[in-house]
Amino acid sequence: MTKSDESPELPRWGVVGTMDEPVPLVAAWVAHHLAIGASEVHVVFDRPDPPAERLLRGVAGCFVHRSGEDGWVRHWNAQRPSRHQARQKYNATRIANEVDVAWMVHCDADEFIHLERPFEWELAKTHEKAWLRLEVLERTFVPDVTGNDIFQGVFRKRWDAFSEEGEAFYGARAQFLNRGVSGHIAGKACTRVGQGYVLGVHHPTEHWDAPGGTVTLPYRPSYNARLMHFDGLTPLHYILKMMRRALTQVQGDPVPYAEPRVAQFREAAARARDPQALWDQWYAVQGVTEAEEVGLLKRHLLERIACPVLGHARALFPELDFTSAGFDRLLMEHEAALIGRAREELGFDARAFAMDGIAG
């Protein structure tokens, strides 16, 4: 799909995300959303990344920001929120109040919108709804996956009968899956802007202090747009996410992760000194066997989408390396502080996950 022609009668839409990732992932996120029709793509760097910022500032339609660039003036005591979810919410809400588009999708760097038809076609037909919910398609690995790029794989869908059937299907690995996927099932929102809404991580609210888990604004699921979620672009990327969660201490109420997600980072911490055990956990969470692939296909829970992200990324940024090995090399540099802390506190050796392609 190419960027559709904009006309006065069709609403313009954009995307916004607060991110702290190696440049190939951020660049791919920008390239893909511009290619499928976003009029504005807003990247908020949660920590300064001058080389990435310089790269993106030359891209038409891409707007580069830094987290809290307004001095956090709307936050309590003008202080930087300690939780990244609060920073995401703050940045997305501020930018949504400044943009020249009618709708805004708030999603993460590892989430890519997948459209059947141009998004503005659906948005033009959407009335009396504050937001649209984008269901999640989660990237997973099957035995016949080939290639060495970070966007390879197939996509697993939410399994609503998982509580009744999941354990018999996956065995002990079911403890790591929430309705059949390893990440979130809440989806993400495309929100109508200009209404004063607050753009939460998964859905908007009427005002800043509205309960985050309560959905009160009118919405409907999108019948055209879904979200491709790459929950860890490589095994190292996934394991580092788990290490970060295991090592993060927060004040006040804990972040309400689903129990299967908590089980993932608890298990990763317990296996931190055993590289093979971590490889096994990665595939237990993100891979399926041949028999499971057949079973999921029969249940219409697995899709082999012709994922266009890599093509869009290479077209706009041909100089970047989108291989798994190249991404891991950059990731080792980008997350040096986290890797050092995980080594010191958990005994984790990130070098065991350096890649020349998917293996396990």
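The values are calculated or read from the model by the stated rules, or taken from the named source; none is laboratory data. For clarity, every value in this text was computed on a predicted model and none was experimentally measured. Ideal geometry is used to build each Cβ from the backbone, glycine not excepted, and the neighbour counts take in all protein chains shown.
Exactly one residue out of Val99, Val64, Val15 is touching a residue at least 40 places away in the same chain (Cβ under 8 Å), surrounded by 17 or more Cβ atoms within 10 Å (Cβ to Cβ), in contact with a helix residue (DSSP H, G or I) (Cβ under 9 Å, 6 or more places away or on another chain) and not basic (Lys, Arg): that is Val15. With respect to the conditions (1) modelled with pLDDT under 95; (2) touching a strand residue (DSSP E or B) at 6+ places or on another chain (Cβ under 6 Å), Arg133 lacks only one, and its number is (1).
Which one of Val154, Val136 is more than 17 Å from Gly187 (Cα to Cα) and surrounded by 21 or more Cβ atoms within 10 Å (Cβ to Cβ)? Give the derivation first.
On the way: Val136 fails: more than 17 Å from Gly187 (Cα to Cα).
One residue alone meets the criteria, Val154.
Cβ-Cβ contacts under 7 Å between residues 6 or more apart (or on different chains), taken from a first residue in region 162-183 that is closer than 23 Å to Phe230 by Cα to a second residue that is surrounded by 16 or more Cβ atoms within 10 Å (Cβ to Cβ) and of a type in the set (Val, Ile, Thr), are listed as Phe176/Val285; Asn178/Ile185; Arg179/Ile185; Val181/Val136; Ser182/Val285.
The residues of region 185-203 that are surrounded by fewer than 24 Cβ atoms within 10 Å (Cβ to Cβ), in contact (Cβ under 8 Å) with a residue 60 or more places away in the chain and within 12 Å of Glu111 (Cβ to Cβ) amount to a single one, Val201.
A count restricted to region 215-234 and to residues that are surrounded by fewer than 22 Cβ atoms within 10 Å (Cβ to Cβ) and of a type in the set (Gly, Ala, Ser) stands at 1. You will find that of Asp144, Asp110, the residue that is acidic (Asp, Glu) and under 22 Å from Val30 (Cα atoms) is Asp110 and no other. Return yes when Leu199 is farther than 23 Å from Ile95 by Cβ and of a type in the set (A, V, I, L, M) and no when it is not. No: the conditions fail for Leu199.
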